[in-house]
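Bear in mind these aren't lab numbers, they're just calculated from the coordinates by the rules spelled out. Owing to the predicted nature of the structure, the values given are computational and were not obtained by experimental measurement. Counting neighbours? That spans all protein chains shown, and the Cβs are built from the backbone with ideal geometry, glycine included.
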Amino acid sequence: MDTLQQILKSYYGYDTFRPMQEEIIRHILQGKDALVLMPTGGGKSICFQIPALMLNGTAVVVSPLISLMKDQVEALRANGIQAETINSGNDESKNRIIRERCLQGEVKLLYISPERLMTEIAWMSQGLKISLFAIDEAHCISQWGHDFRPEYTQLGILHDKFPTVPVIALTATADKITKTDIVERLRLQNPQLFIGSFDRPNISLDVKRGYSAKDKIRTIMSVIKRHSHESGIIYCLARKTTEKLAEKLRAYGVLVGIYHAGLSMEERDKVQEDFVNDRIHVIVATIAFGMGIDKSNVRFVIHYNLPKSIESFYQEIGRGGRDGLATETLLFYNVQDLITLRRFVDESGQKEINLEKLKRMQEYAEAQVCRRRILLNYFNETAERNCGNCDVCIAPPKHFDGTEHVQKALSAIMRTKEQIGFTLTAEILHGTYSGEVTAKGYQLLKTFGAGRDVPFRDWQDYLLQMLQMGFLEIAYNEDRHLKVTPLGKEVLYGRKRAELAVIEREDLRVKSHKERQYKLGKKEETNTEKAENKILFERLRELRKQIAEANHWPAYIVMSDKSLHALATERPTTLQAFGEIFGIGQHKRDAYGERFIAVIQEFTDTIEETALNMPINSESKATSVLCKNDTHR
Ligand code: ADP
Ligand code: ZN
C-alpha cells in the first residue's frame with residue numbers, strides 16, 4: 001500500500017480512492033493550483049484534507065456557512081484530525097487560543113469564512129505556515145452563479161500575499177462563465193481543471209407526471225413508509241405548499257419540519273439541527289434548504305414541483321445518498337408547475353437564459369429515454385449505456401394509437417375558438433358540469449363528454465403529452481389558453497396518426513424499488529437474514545446515538561449508515577477486524593471499537609445460546625434468527 005492509500009485507510013477507513021481524488025491530491029502536493037469540479041457528495045473534501053495532513057503547516061479552508069464548517073470540523077475530529085474553525089460564533093478568547101495553536105503548528109486544517117479571513121490575514125502573513133488554501137463552494141465568487149457572495153471576490157489577494165501557497169478552488173456547480181470567473185478572480189496560476197464524473201449511480205431517478213395533490217400524498221407516504229426512521233427532503237416551489245404539505249404529513253404521524261426563507265434565522269437553524277440529529281425525519285423545504293448541510297444519510301429526495309433548471313435539480317437530488325448507499329428520488333411534474341415557472345422566467349432579469357434552462361428541465365421530465373443519460377449529457381458527459389436505475393429503464397413507456405383521443409381534444413379546443421386552458425379542456429372532454437363549463441355554456445358543445453370513458457386525470461395527462469408532441473401550444477400571453485398547432489391540425493383532419501403513451505396508474509414503485517436494489521448488485525436478502533440483521537443493526541444504531549449525544553455530534557459523524565450495515569453483516573469481534581470495516585479509521589477503532597464489539601458479542605452469544613437450547617427438528621420461529629454464518633462459527 002502506498003502512503004496516500006495508507007492515509008486514506010488509517011484516517012478515513014476507506015480502501016480505495018474515488019475517481020480523480022488521487023490525481024488531485026498528487027497535483028496539490030506538488031504545490032500547484034487547481035479547480036475541482038465534482039458533484040455534491042463526490043468526495044471533494046478529501047482532495048484537500050489529505051494534502052493538508054501530509055504537508056507542513058496549516059491548511060486554510062474558506063467556506064461560506066458556519067454550519068458547513070462546523071460539520072466538517074466535527075467529522076475531521078471524529079477521525080482524529082486536528083481541525084478548528086474561527087468564526088463569529090466563537091467567543092474571542094476561544095479564537096485567541098485557536099490562533100495560538102495554529103502558530104504552534106498544532107492545527108492541520110483551519111476553517112474560516114471569507115470575510116473573517118480578511119480580518120485574520122495580518123497575523124497569518126506574519127507567523128503562520130500555511131500549507132494550502134482551499135476555497136470551498138467556489139462558485140460563490142461569481143455573480144452569474146445562484147449563490148453569489150460579494151465577500152468571496154476579495155479572495156483574489158491571497159495569491160498576492162502568499163505567492164508560494166497553492167490555492168485549490170472546489171465547487172459542484174459551475175458553468176463556463178462561472179469557471180472563468182473563479183480562475184480570474186482567485187488569480188489562479190496555470191490551474192489544472194479537474195472535472196469529476198457527475199454520475200451518482202446510487203441515486204435512482206423517477207418522474208411522476210400529472211399527479212393530483214391526493215396522488216402525490218399517497219405516493220409520498222409510500223416512500224416515507226419504505227424509509228421509516230430514515231431521512232428525506234421534499235422540495236416545493238412555494239412556501240405555502242411547504243406548510244400545507246407538512247401539515248398533511250404530520251397528520252400521518254411523520255416527524256416533519258419546514259424550511260423556507262420566510263422563517264427567522266433561529267427557526268431555520270433549529271429545523272436544520274433537528275434534521276441533522278435525526279429528531280425530525282423529513283424536511284419540506286423551498287429551494288433555500290440544503291446548502292448548509294452535509295448529512296450523508298439522506299435516503300430520499302422528492303420534488304413536489306418541477307425545479308427551474310437541471311442544475312438546481314441535480315444539486316438538490318445530490319443532497320441524497322452521499323454515503324453511496326441506494327437513495328430514491330422522485331419528481332412530480334404537471335402543467336401547472338410549468339405555467340408558474342414560466343411566469344417566474346418572464347419576470348426574471350435574464351429571461352432568455354432562464355427560459356432555455358426551464359426548457360431543458362421540461363425535456364428531462366418528459367423524456368422517454370434513460371433519464372440519467374440526459375442528465376450526464378447536460379453536464380457534457382456521455383453515458384454509453386442505459387442506467388437501469390431510472391423509471392424509463394425499469395418500465396419503458398408503452399404506446400398506443402391515440403389518434404382518436406387527440407382528435408377529440410383538439411376538436412374541443414377548436415370549438416371554443418381556442419379560448420380554454422388545460423383544466424377546462426379536460427372538463428369538457430370528460431363531461432364535467434363544473435361552474436366554469438356551465439357559465440360559458442360549454443356543456444352544449446358537440447364535444448362535451450366525448451371522452452367520458454377516459455378518467456379526468458388521464459385527460460390531463462394526455463393533454464400534456466399532446467403539448468409535448470407539439471400538437472398544442474400554451475399561449476402564455478393570452479391567459480394561457482391552448483392553441484392547436486399546424487402539426488395538431490394534421491392529426492385533427494386525419495392526415496396524420498398520433499401515438500400516445502399508456503398511462504400506468506397502478507403503483508409500480510414497490511416492485512421497481514426491489515428491482516433496483518437487485519440491479520444495483522444487492523442480493524435479495526432472505527427473510528431470516530433480514531430479521532436478524534435488523535435487530536443487531538438497531539442495537540448498533542442505538543449505541544451510535546448514545547455516542548453522538550455524549551459528543552454533541554450528529555449520528556452520522558460517529559459512523560455512517562454504510563459502516564453500521566457493514567458491522568451488522570460482518571460482525572467483527574476483534575479490534576483488528578473492527579478496524580477493517582468500511583469507514584472506520586484508526587481513531588474510530590480505538591475510540592469506540594470496544595463498545596461496538598461488546599454489542600456484537602452480546603448479540604452473537606444470545607443467538608448461539610438460543611440455538612443450543614432449541615429442540616431438534618423444531619420448527620419454532622427462534623431458529624429463524626440463525627443465519628448460516630452463525631451455525632458454522
Ligand atoms: P462533497 O464535498 O464533494 O460534496 P464530501 O467530501 O462531503 O463530498 O464526501 C461525501 C462523502 O463521501 C463523505 O461521507 C466522504 O467521507 C465520502 N467519501 C469521500 N471519498 C471517499 C472514498 N474514497 N471512499 C469512500 N467514501 C468516500
Ligand atoms: Zn436509466
Checklist line | Whole-Å distance, taken between Cα centres, linking the range 189-251 and the range 135-182 | finding: 29 Å
Check: Taking the Cβ of C140 as the center, what net charge do the other residues with Cβ under 10 Å away carry, scoring Lys and Arg +1 and Asp and Glu -1?
Finding: -3
Margin query: If I model a spin label as a point 7 Å beyond the Cα along the Cα-Cβ vector, how far apart are those points for T610 and F456 in nm?
Written below: 5.2 nm
Notebook entry, point to check: Toward the positive end of the charge dipole of the chain, about the Cα centre and with charges on Cβ (Lys, Arg +1; Asp, Glu -1), which of V207, Q154, A475 goes farthest?
Noted result: A475
Margin query: Per 0.36 nm of contour for each residue apart, how much would the distance between K359 and Q419 grow if the chain were fully extended, relative to their Cα-Cα spacing?
Written below: 19.1 nm
Check: For the range 304-358, what is the per residue volume of the convex hull drawn over the alpha-carbon atoms, in cubic angstrom?
Finding: 77 Å³
Next item on the list: Sketch the reach of a paramagnetic label on E504 as a point 7 Å from Cα along Cα-to-Cβ, and name the residues of the range 346-383 whose backbone nitrogen lies under 19 Å away.
Entry: 364-374
Margin query: Around Q272, under 15 Å between beta carbons, what's the net of Lys plus Arg minus Asp minus Glu among the other residues?
Written below: -3
Item checked: Anisotropy class of the chain from Cα gyration tensor, a/c 1.5 cut -> oblate
Next item on the list: For K129 and Q5, compute 0.36 nm times the residue count separating them, minus their Cα-Cα distance, and round to one decimal in nm.
Entry: 42.1 nm
Check: How high is the relative contact order of the chain, in percent, with contacts defined as C-alpha pairs under 8 Å that are six or more residues apart?
Finding: 13 percent
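If you add up the charges near L564, with Lys and Arg at +1 and Asp and Glu at -1, over every other residue whose beta carbon is less than 14 angstrom from its beta carbon, what do you get?
+3
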Item checked: Label-point gap, in nm, between A213 and F148 - each point 7 angstrom along Cα→Cβ -> 3.7 nm
Margin query: With both bridge residues required to lie in the chain, what share of the DSSP beta bridges run antiparallel, to the nearest 5%?
Written below: 15 percent
Checklist line | Percent of C-alpha pairs per 5 Å bin, the range 1-92, short to long | finding: 2, 12, 23, 24, 22, 11, 4, 2, 0
Item checked: Where a label projected 7 Å from the Cα of N190 along Cα→Cβ would reach, residues of the range 13-46 with amide N under 16 Å -> 27-35
Item checked: Shape of the range 398-492, Cα gyration tensor, a/c cut at 1.5 -> oblate
Item checked: Cα lying deepest toward the dipole's positive end in the range 97-199, options I177, F198, A134, charges on Cβ -> A134
Notebook entry, point to check: In debye to the nearest 20, how big a dipole does the chain give about its Cα centre with +1 on each Lys and Arg Cβ and -1 on each Asp and Glu Cβ?
Noted result: 1260 debye
Check: If we count other beta carbons within 10 Å of each Cβ, what is the order of T171, T604, fewest first?
Finding: T604, T171
Notebook entry, point to check: How many nm is it between the label spots at R18 and E404, if each spot is 7 Å from the Cα in line with the beta carbon?
Noted result: 5.3 nm
Next item on the list: Using a/c under 1.5 as the rounded threshold, could you call the range 115-252 rounded, prolate or oblate? The axes a ≥ b ≥ c are square roots of the C-alpha gyration tensor eigenvalues, and prolate needs a/b larger than b/c, oblate otherwise.
Entry: prolate
Notebook entry, point to check: If exposed chymotrypsin sites (Phe, Trp or Tyr not before Pro) are those in a DSSP loop with at most 16 other Cβ within 10 Å, what is the longest stretch of the chain that has none?
Noted result: 253-432
Note to self: Please list, by residue number, every one of the trypsin sites (Lys or Arg not before Pro) in the range 63-133 that is coil in DSSP and has at most 14 other beta-carbon atoms within 10 Å.
What the structure shows: K129
Note to self: Can you compute the label reach from A475? Point 7 Å from Cα along the Cβ direction, backbone N cut-off under 16 Å, restricted to the range 398-420.
What the structure shows: 410-420
